[in-house]
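Notes for the one structure printed next.
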Amino acid sequence: TGAFYTPRPIVHYMCQESLIEYLAHTDTTLDHEDIEFFIRESEATLENDRTTKKKIEEKSQNGYQYSGAYTYKTPESIRSRAKMLDDALASVRIADPAVGSGAFPLGLINEIVRARQILAIYTGSQKSTYDLKLHAIQENIYGVDLNPGAVEICQLRLWLSLIVDETVPHPLPNLNYRIIQGNSLIEEYE
C-alpha cells in the first residue's frame, strides 16, 4: 500500500523544526536560538514559568518586590513578543500531503498547544487545552491521502486527541474540507 511508519522521535523533531523555521520567518528580529529554546524546551519551562509568574504576582499584590529564587526560563525576547507569537501560531496553516494516520498533524497540534500555553502565561489568555486543540484542528491543519481509510483514521485520531481533554465529549468539527481523500501530487482542490 506504500504505507510507512514514521517513528515518534522523528515526527517530534520534524514538528519542532517546522515551527522553529515558521516563527523565525514570522519575526526576523527574534534571535533564532531563543526561538529554538522556546519550542524545544516548552514542556520543561511551562510549570516553572507559571510558578514564577504566580510568585511575582503574589508579592506584587502584597506590595512587595519579588526577590525569590524563581526566575523565568523562557527568554525575554519571547516573553516580550508573546502576543505576536501567539497570533502567528494561531494563524499558521499546515498541510500534510500524505497524512496517513495523522502522526504529523497530531504532533504539530501538540507542539502548537504547548507553545501557546506558555505564551498564555504572558498574554493572560485563559483558553483551555481543549479550546487550543480545537482551534488548531479547525484552523491550522490540512491533510490529503490517497487511502480513504487513512483519512477516516486521521479524523478519528484528531477527535480522540480532543476528547482526552474534555469531560463531556463533543462531536468533531467538520473536517471534510480539511482532511480529504485525494492525490496530492496530481490533483487540485476546486
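The values are calculated or read from the model by the stated rules, or taken from the named source; none is laboratory data. The shown structure was predicted, so the numbers you read here are calculated from the model rather than taken from an experiment. Quick note on the areas: whole protein, heavy atoms, side chains included, nothing else; ligands and nucleic acids left out. Shrake-Rupley method; radii C 1.70, N 1.55, O 1.52, S 1.80 Å.
Things to note:
- Net length available on complete extension from Leu160 to Thr51 is 36.2 nm, with 0.36 nm assigned per residue and the Cα-Cα distance removed.
- Angle between the chain longest axis and helix 148-163 axis [Cα atoms, degrees, rounded to 10]: 20
- Taking N as the residue count of segment 1-158, its C-alpha radius of gyration divided by 2.2 N^0.38 Å amounts to 1.18.
- Pairs of Lys residues in the chain, spaced 8 or more positions apart or belonging to different chains, with C-alpha separations under 21 angstrom: 11 in total.
- Accessible-area composition of segment 73-164, carbon plus sulfur, in percent [1.4 Å probe]: 56
- Acute angle (nearest 10 degrees) that the helix 42-61 long axis makes with the longest principal axis of the chain, alpha-carbon atoms: 30
- Accessible surface area normalised per residue over segment 60-115 is 51 Å², counting heavy atoms of protein chains with a 1.4 Å rolling probe.
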